[in-house]
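Structure, as structure tokens:
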Amino acid sequence: NLLATCSRDKSVWVWEVDEEEEYECVSVLNSHTQDVKHVVWHPNQELLASASYDDTVKLYHEEEDEWVCCATLEGHESTVWSVAFDRSGEVILSCLPGVACSGADPTWKCICNLSGFHTRTIYDVAWCHLTGALGTACGDDAIRVFEESSPTASQQPTFSLAAHVPRAHSQDVNCVAWNPREPGLLASCSDD
Amino acid sequence: LIRSINDPEHPLTLEELNVVEQVRVKAMFAFRQVNDAESTVAVEFTPTIPHCSMATLIGLSIKVKLIRSLPERFKVDVHITPGTHASEHAVNKQLADKERVAAALENSHLLEVVNQCLSARS
């Protein structure tokens, strides 16, 4: 069982928990050059993704008993606040403003760009593994939900805005999360 | 609001150094354009010299002053007047990152410096 943590100190730590429920740090990864904002695990592999103030998303896995950075996703022009995998783990969604990259290890390329919907920083993205819908938490106090409009073309997906709640909160929305069992249920939290 | 901010490297106020001239104009424009629905304030400031290392501190002070003075719903954007500073992108990026701003203000020494910048000139 693995746990990952990240920090403003630019590092990502990987921890293992043993039978006695003791946590031990097994790796300190210093690949990012600036604050690491978010880490998330692949849904079914031991692959870790991190998002950073250095405008990149990095991926990590274990090679010969050592955790290494195996890929860097560039192309954002500002801080990446969050990142999410889809149900299959083949597609990554990163925010700013919502670029989905895809590919099998080790090549990832950008396949979709969701720009023009958000007016301020996107603080979080969440990918529902039940329905495939995307939720975003934005600094304009709004929550948006996107759905894939052409599910057959998996190489070049297009998403359309399915829901937009302009004043979901009275201040920045910091995080959104889909309920893992009940479709269409989204939780959010805010500076308010 | 902005007039009373002291440039930490100079004993005079920012206004007397002409830094705040553009800030004041922009701030006045920004206030006029703000409506209840948008709740945004955008302020530009011009550092005294293009390589001024105090630019981040000045920007932070402006941001703090506005946040303390305005209702919570306001989004405060503070950035350097384009073309007036060598590291404007890096400074603007820091000022726009609310986690970095919050972390900076947790530093008691830095907070004290910011409060000094904001205190009225005697």
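What to note about this one:
- Test: residue in the stretch B:88-106 that is without any contact (Cβ under 8 Å) to a residue 12 or more places away in the chain, under 14 Å from A:Asp35 (Cβ atoms) and in contact with a helix residue (DSSP H, G or I) (Cβ under 8 Å, 6 or more places away or on another chain): yes
- Residue list for the stretch B:89-112, restricted to those being within 14 Å of chain A (Cβ to nearest Cβ) and among the charged types (D, E, K, R): B:Lys93, B:Asp97, B:Lys98, B:Glu99, B:Arg100, B:Glu106
- Failed condition for B:Asn115, given (1) under 24 Å from A:Asp35 (Cα atoms); (2) away from chain A (no Cβ under 12 Å); (3) part of a helix (DSSP H, G or I): (1)
- Pick from the stretch A:64-82, criterion within 25 Å of A:Leu134 (Cβ to Cβ) and of a type in the set (A, V, I, L, M), ranking: farthest from the other protein chains (Cβ to nearest Cβ): A:Ala71
- Given (1) of a type in the set (Val, Ile, Thr); (2) at pLDDT below 95; (3) loosely packed, with under 15 Cβ neighbours inside 10 Å, number of the condition A:Val99 does not satisfy: (3)
- Hits in the stretch A:3-39 (condition: surrounded by 21 or more Cβ atoms within 10 Å (Cβ to Cβ) and either of a type in the set (A, V, I, L, M) or away from chain B (no Cβ under 14 Å) (or both)): A:Val12, A:Leu29, A:His32, A:Val36, A:Val39
- Filtered residues of the stretch B:68-93 (kept if crowded, with 17+ Cβ neighbours inside 10 Å and part of a helix (DSSP H, G or I)): B:Glu88, B:Val91, B:Asn92, B:Lys93
- Only one of the numbered conditions (1) on the phi > 0 side of the Ramachandran plot; (2) modelled with pLDDT under 95 is not met by A:Glu22, and that is (1).
- Applying the criterion of at least 2 residues that are outside the structural domain of A:Asp124 (by the TED database) and touching a Pro at 6+ places or on another chain (Cβ under 7 Å) to the strands (runs of 3 or more DSSP E) found wholly in the stretch A:1-91 leaves A:66-73.
- Test: B:Val113 is in contact (Cβ under 8 Å) with a residue 40 or more places away in the chain and over 28 Å from A:Asp140 (Cβ atoms): yes
- Among the conditions (1) buried (at least 16 other Cβ atoms within 10 Å of the Cβ); (2) touching a His at 6+ places or on another chain (Cβ under 8 Å); (3) not β-branched (Val, Ile, Thr), the only one that A:Pro43 does not satisfy is (1).
- Any hit, the stretch B:56-65, residues being closer than 21 Å to A:Ser52 by Cα and touching a helix residue (DSSP H, G or I) at 6+ places or on another chain (Cβ under 9 Å): yes
- Qualifying residue in the stretch B:30-51 (condition: surrounded by 19 or more Cβ atoms within 10 Å (Cβ to Cβ), part of a helix (DSSP H, G or I), more than 14 Å from chain A (Cβ to nearest Cβ) and modelled with pLDDT of 80 or more): no
The values are calculated or read from the model by the stated rules, or taken from the named source; none is laboratory data. Bear in mind the structure is a predicted one, so any value in this text is a computation, not a measurement. Cβ: placed from backbone, ideal geometry, glycine included. Neighbour counts: every protein chain shown.
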